[in-house]
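Please treat every number below as a calculation from the coordinates, not as lab data. Worth saying up front: this structure is predicted, and the values here are computed from it rather than measured. Note that each Cβ is placed from the backbone with ideal geometry, even for glycine, and that neighbours are counted across all protein chains shown.
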């Protein structure tokens with residue numbers, strides 16, 4: 001379980017970036033390519049954020065181990 005807690009540290013900010021990029025892609029008027037894949041970025045980013053937000057952090061795991 002500690003592996004996923006370490007992975008959470010990097011994946012939560014990455015998924016937030018994907019969400020922001022997806023919103024930007026849907027709102028920009030420059031290219032259809034970004035608009036076409038914007039919803040996919042938004043959905044994958046939201047799914048990753050939901051997944052990794054349910055994993056306890058390293059501090060919580062160490063606290064549970066010590067108790």
Acute angle (nearest 10 degrees) that the helix 32-53 long axis makes with the longest principal axis of the chain, alpha-carbon atoms: 10 degrees
Specify which labelled value, from [x] 82; [y] 65; [z] 162, agrees with volume of the Cα convex hull per residue in Å³ derived from the coordinates of the model shown. [y]
Between helix 2-27 and the chain, what is the angle of the helix's C-alpha long axis to the longest principal axis, kept within 0 to 90° and rounded to the nearest 10? 20 degrees
Place a point 7 Å from the Cα of residue 61 along the Cα-to-Cβ direction; which residues of the stretch 1-36 have their backbone N under 16 Å from it? 1-12
Exposure proxy check: 64, 6 ranked by fewest other beta carbons within 10 Å? 64, 6
Computed helical MRE - 222 nm, the chain, DSSP H runs ≥ 4 contributing -39500 (n - 2.57), nearest 500: -29000 deg cm²/dmol
